[in-house]
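Asks: The structure that follows is given in the form of structure tokens.
The values are calculated or read from the model by the stated rules, or taken from the named source; none is laboratory data. The shown structure was predicted, so the numbers you read here are calculated from the model rather than taken from an experiment. Glycine also receives a Cβ, built like all others from the backbone with ideal geometry; neighbour counts cover every protein chain displayed. Accessible surface areas use protein heavy atoms only, side chains included; no ligands, DNA or RNA. Shrake-Rupley method; radii C 1.70, N 1.55, O 1.52, S 1.80 Å.
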Amino acid sequence: MSKIDVLMTVYNCGHYIEEALTSIQNQTLSDIRIIIVNDGSTDQTEEIILQKKNTDPRIEYYKQSNKGIVAALQNGLQYCTAPFIARHDGDDISLPTRFEKQIEYLEQNKDCVAVSSYVKNIRSDGTPEDKPVYTFPLEDIDPYTFPASEPYISQPMLMLRASVFHQAGGYRSLRSAEDTDLYWRLRHFGRLHVIPEILGKYRVHQQSTTSGSLSNLRQSTFWSELAALSEQRRLEGRPDFSFSAENLEGFRSLQTWGHLMQSIAPELNTKEKWWLSHACAAKYAEFLKTRHFVPEQSDIQFWARNLTGDKKLSETLTMTILQLWEHAHKNAALSLAFQAGSPAAVLKFFKRLR
């Protein structure tokens, strides 16, 4: 049995998979198995993996029809038997000492159940993004804020104790944010830690889950806040959501805020409906800071309805209006300012323009 089972899920990673796989093969800690699940790729991904497999007996390869990352993860986990599981995506890069340093930390800190690291963002061509390294702060975790303060650490650089992973219930069937949902549950068993060192490179491109379309952004927002609402229920001793694969199918095609909120409404009480809609509005506004997308009229209406009723939400409303204006979406900024019907936010907006 290997010390670490490296679980990779891949989908149309033909341009990146060789570099990603080589970065795992060249780790200074070599007592590993590399378990790869191909989620129905249609490019040259399989061909490249099989070439690598022919020269490295540590590689195990499995293929399934395209069902999404969670189904691929759940498929691959049945083959994991090592005491530690490391995650890796087919387009990211691990630096050579990643596994060595993560195992050392976990073995020296028995209260820690999962560890990750800083990562450097790179573009699709491998060049570094001109952005400061994100440090994944874990000090102010709170599932009740707007949006929720998540226990997020880099999933592509994740290593965790296999026994605790299974105790926590593994990956559940969310459309996205399956990693954050796992971290909320892992915290009930022990501490999460981020090694303050860059041990990997995270590739940002249009195929990323939260890139490429407004519907992807809405889905990512919705599921991340629903995962936090799930944590609220656990903390309060109330029945949790099931997040079953069967239920997920009904959510996959939903693209608008109205449809997303209506789909989950029968399972929520009045307080939960209020919190989820307001938290989603705040989270979606956060995406605007980094992705500079052009919101649709339905997004403006969603913000106008839900970025009110709380001091922090009102400040988020003001900042959202300003960001839209600064990104040259002036019609959207003005529409939001007046649809919100918040004189204080409108006044702050015009004062800051001076």
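Asks: Has the stretch 209-224 got any residue that is open to solvent by 20 Å² or more (accessible area, probe 1.4 Å), of a type outside the set (Ser, Thr, Tyr), within 23 Å of the chain's Cα centre (by Cα) and modelled with pLDDT of 90 or more?
Replies: Among the residues of the stretch 209-224, not one is open to solvent by 20 Å² or more (accessible area, probe 1.4 Å), of a type outside the set (Ser, Thr, Tyr), within 23 Å of the chain's Cα centre (by Cα) and modelled with pLDDT of 90 or more, which makes the answer no.
Asks: Among the residues of the stretch 282-313, count how many are under 30 Å from Val133 (Cα atoms), over 17 Å from the mean Cα position of the chain (by Cα) and in a helix (DSSP H, G or I).
Replies: The qualifying residues number 5.
Asks: Six or more apart or on different chains, Cβ under 8 Å: which pairs go from a residue in the stretch 236-254 that's over 20 Å from Asn75 (Cβ atoms) to one that's open to solvent by 80 Å² or more (accessible area, probe 1.4 Å) and of a type in the set (Asp, Glu)? Could you list them?
Replies: Once the first residue is over 20 Å from Asn75 (Cβ atoms) and sits in the stretch 236-254, its partners that are open to solvent by 80 Å² or more (accessible area, probe 1.4 Å) and of a type in the set (Asp, Glu) give Phe241/Glu267.
Asks: Follow-up question, since we're still on this one. Please determine whether any residue of the stretch 265-280 is outside any helix (DSSP H, G or I) and in contact (Cβ under 8 Å) with a residue 40 or more places away in the chain.
Replies: no
Asks: Continuing with this model, one more query. Considering only the stretch 28-58, how many residues are in contact with a Leu (Cβ under 9 Å, 6 or more places away or on another chain), open to solvent by less than 10 Å² (accessible area, probe 1.4 Å) and either in a strand (DSSP E or B) or farther than 17 Å from Tyr79 by Cβ (or both)?
Replies: Here the count works out to 4.
Asks: Need pairs with beta-carbon distance below 6 Å; first residue farther than 22 Å from Ser163 by Cβ and within the stretch 4-17, second in a strand (DSSP E or B) and of a type in the set (S, T, N, Q); sequence gap 6+ or separate chains.
Replies: Val10/Asn38
Asks: In the stretch 18-27, which residues are over 24 Å from Ala82 (Cα atoms) and either open to solvent by less than 70 Å² (accessible area, probe 1.4 Å) or without any contact (Cβ under 8 Å) to a residue 24 or more places away in the chain (or both)?
Replies: none
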